[in-house]
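Q: Dropping the structure in here first, questions after.
The values are calculated or read from the model by the stated rules, or taken from the named source; none is laboratory data. Model, not experiment: these values are computed from the prediction. Heads up, the Cβs are rebuilt from the backbone with ideal geometry, glycines too, and the neighbour counts pull from every protein chain shown.
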Amino acid sequence: MRSQVFKRVWRFLARVDVAAVLIVAVLLLAALGSCFPQLSSPVADDPERLARWEAVTRARYGALTDVFRAIGAFRWFRSPIFLASLALLATATLVCTLNRWRGVWRRAFHQPVRCSDAVLDAAPHTAGLTAPREVDLPRVVRECLERWGFRVRTTKVVTTDGVCVCLRGDRNRLASLATLATHLAVLLLLLGVVLSYGCGWREEVVIGPGTTTDVGHGSKLRVRDEGFTITRYADGSVAGYEARVAVIEGGREATGGSIRVNEPLSYGGVGLHLQAYAEAPDGYSVALLAVRDPGYGLVVAAGLLLLFGLTVTFNFPHCRIHARIEPEERLRLAGWADRRAWDFEREFVALVEEIRRAESGHYSMPNRESISSG
């Protein structure tokens with residue numbers, strides 16, 4: 001009984017429509033959460049910053065602030081409903097990947113050269129041709145298929161009528177692996193999001209002129225201000241801001257450098273971003289935003305992998321053609337293509353015409369009805 005329930009749940013989670021519904025649900029929940037300012041842990045742990053945040057939030061939403069707080073709108077991305085939807089999506093993606101990878105791998109690397117009547121009759125595109133005996137029909141078919149970009153494999157089959165030569169041509173045979181790359185990208189994206197929200201943090205670090213301040217969050221890092229410079233153009237307008245800092249770890253200077261707008265300084269997985277500055281009696285104080293985001297690299301890698309997978313899937317559809325050359329020099333062709341190969345029917349007809357015209361027009365085709373498409 002437990003085995004049957006497990007199989008039913010497994011098959012349910014492996015369905016593509018279930019994964020599509022979960023993706024849409026996660027996107028809708030994320031869009032809903034982005035409509036509300038999120039209360040971060042550093043702000044919630046600082047009474048002064050929390051009071052300022054609550055004042056701004058109450059001024060924006062008024063009496064609805066308490067309602068939104070009660071339903072968890074200000075901690076939406078940490079709410080049980082959002083985390084549960086992410087967990088379900090990750091589980092469905094993992095199940096779908098495990099359920100499909102053997103079949104996808106087999107289609108990419110272990111497809112036999114089959115040319116039985118059942119296989120040829122089931123094809124959506126078929127054609128039949130005859131040729132004189134002096135024509136090397138296997139060579140002609142192979143060369144034509146290769147000119148159309150097919151990788152051709154050949155085998156011989158013994159039948160009651162004699163020896164048949166079977167050829168199979170595949171184009172974009174490895175493109176089916178792109179679906180596995182897409183599934184892996186979704187898993188990496190979800191893992192990156194979990195790491196960013198579960199292990200990442202942000203902290204504002206204010207450094208006075210020549211002083212040293214702890215970064216916090218158990219990082220054991222300290223930042224020392226070594227100067228702040230405002231560069232200007234000839235007309236006096238601001239050209240840029242530059243904060244020079246030193247990062248201290250364990251009582252010694254670990255690294256140092258300049259921080260500019262959109263040019264942070266990174267050390268030990270912590271990025272220091274220039275956020276603001278203020279004039280002080282003896283110089284400038286600088287506000288830095290210390291960011292630790294362990295999921296950032298995974299999210300970027302997942303985005304690139306997802307882009308690659310979708311590009312291959314939609315632009316390189318798998319097409320295959322089976323050919324059987326019977327002892328009486330009759331050729332039977334059958335073609336299949338993924339649904340994204342919009343022009344395959346025209347290509348199949350053109351390929352048949354090219355084979356017919358090969359070897360200086362030695363082929364003869366009794367009638368146009370010998371080419372059919374389902």
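Okay, residues lined up against (1) surrounded by 15 or more Cβ atoms within 10 Å (Cβ to Cβ); (2) among the β-branched types (Val, Ile, Thr):
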residue	(1), (2)
Cys35	no, no
Ala51	no, no
Glu54	yes, no
Ala59	no, no
Gly62	no, no
Val67	no, yes
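Q: Here is a follow-up. What number of residues within region 109-127 satisfy the criterion of being surrounded by fewer than 20 Cβ atoms within 10 Å (Cβ to Cβ), at pLDDT 85 or above and within 27 Å of Trp342 (Cβ to Cβ)?
A: Summing the residues that are surrounded by fewer than 20 Cβ atoms within 10 Å (Cβ to Cβ), at pLDDT 85 or above and within 27 Å of Trp342 (Cβ to Cβ) in region 109-127 gives 8.
Q: Go through (1) out of contact with any Phe, Trp or Tyr (no Cβ under 8 Å at 6 or more places or on another chain); (2) in contact (Cβ under 8 Å) with a residue 40 or more places away in the chain for Ala178 and report which single condition fails.
A: Among (1) out of contact with any Phe, Trp or Tyr (no Cβ under 8 Å at 6 or more places or on another chain); (2) in contact (Cβ under 8 Å) with a residue 40 or more places away in the chain, the lone unmet condition for Ala178 is (1).
Q: In addition: With in the same structural domain as Arg332 (by TED's automatic domain parsing), small (Gly, Ala, Ser) and in a loop (DSSP other than H, G, I, E, B) as the only criterion, which of Ala123, Ala127 stands out?
A: Answer to the selection: Ala123.
Q: Please go through region 252-266 and give me each residue that is surrounded by 15 or more Cβ atoms within 10 Å (Cβ to Cβ) and among the β-branched types (Val, Ile, Thr), ordered by number.
A: Ile259
Q: OK, next. Just one of Arg78, Arg69, Arg52 is within 25 Å of Ser196 (Cβ to Cβ), in contact (Cβ under 8 Å) with a residue 24 or more places away in the chain and among the charged types (D, E, K, R); which is it?
A: Only one candidate qualifies: Arg78.
Q: Taking only pairs six or more apart or across chains, which ones have beta-carbon atoms under 8 Å, a first residue in region 185-198 that is more than 13 Å from Gly303 (Cβ to Cβ), and a second residue that is basic (Lys, Arg) and in a helix (DSSP H, G or I)?
A: Every condition considered, the pairs that remain are Tyr197/Arg78.
Q: Please list, ordered by residue number, the strands (runs of 3 or more DSSP E) wholly in region 131-218 having 1 or more residues that are over 30 Å from Arg252 (Cα atoms).
A: Details: elements: 151-159, 162-171, 201-207, 212-214.
So the answer is 151-159, 162-171.
Q: If I go through region 230-247 residue by residue, how many of them are in a strand (DSSP E or B) and either touching a residue at least 60 places away in the same chain (Cβ under 8 Å) or aromatic (Phe, Trp, Tyr) (or both)?
A: Of the residues in region 230-247, 1 are in a strand (DSSP E or B) and either touching a residue at least 60 places away in the same chain (Cβ under 8 Å) or aromatic (Phe, Trp, Tyr) (or both).
Here is a yes/no grid of residues against (1) exposed (fewer than 15 other Cβ atoms within 10 Å of the Cβ); (2) among the hydrophobic types (A, V, I, L, M, F, W, C); (3) at pLDDT 90 or above; (4) farther than 25 Å from Leu180 by Cβ:
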| residue | (1), (2), (3), (4) |
| --- | --- |
| Gly250 | yes, no, no, yes |
| Gly268 | yes, no, no, yes |
| Gln275 | no, no, yes, yes |
| Ser285 | no, no, yes, yes |
| Leu298 | no, yes, yes, no |
| Arg320 | no, no, yes, no |
| Ala323 | no, yes, yes, yes |
| Trp336 | no, yes, yes, no |
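Q: Also, quick follow-up: Looking only at residues that are among the small types (Gly, Ala, Ser) and either in a helix (DSSP H, G or I) or not assigned by TED's automatic domain parsing to the domain that holds Thr97 (or both) in region 1-20, which one is surrounded by the most Cβ atoms within 10 Å (Cβ to Cβ)? So that I can check it myself, show each step before the final result.
A: In the first step, residues of region 1-20 are kept if they are among the small types (Gly, Ala, Ser); the result is 3, 14, 19-20.
Retained after the next criterion (residues that are either in a helix (DSSP H, G or I) or not assigned by TED's automatic domain parsing to the domain that holds Thr97 (or both)): 3, 19-20.
Numbers: Ser3: 7, Ala19: 19, Ala20: 11.
Going through the qualifying residues, I end up with Ala19.
Q: May I pose another question? List the number of the failed condition for Pro132; all other conditions in (1) surrounded by 12 or more Cβ atoms within 10 Å (Cβ to Cβ); (2) in contact with a His (Cβ under 8 Å, 6 or more places away or on another chain) hold.
A: Every condition holds for Pro132 apart from (1).
Q: Right, here's the next one. Could you please let me know if Val95 is in contact (Cβ under 8 Å) with a residue 40 or more places away in the chain, surrounded by fewer than 16 Cβ atoms within 10 Å (Cβ to Cβ) and out of contact with any Ser or Thr (no Cβ under 7 Å at 6 or more places or on another chain)?
A: no
Q: Considering only region 201-229, how many residues are β-branched (Val, Ile, Thr), surrounded by fewer than 18 Cβ atoms within 10 Å (Cβ to Cβ) and touching a residue at least 24 places away in the same chain (Cβ under 8 Å)?
A: Matching residues across region 201-229 total 2.
Q: Turning to a different aspect of this structure: Of the residues that make up region 41-64, is at least one more than 26 Å from Val206 (Cβ to Cβ) and among the aliphatic types (A, V, I, L, M)?
A: yes
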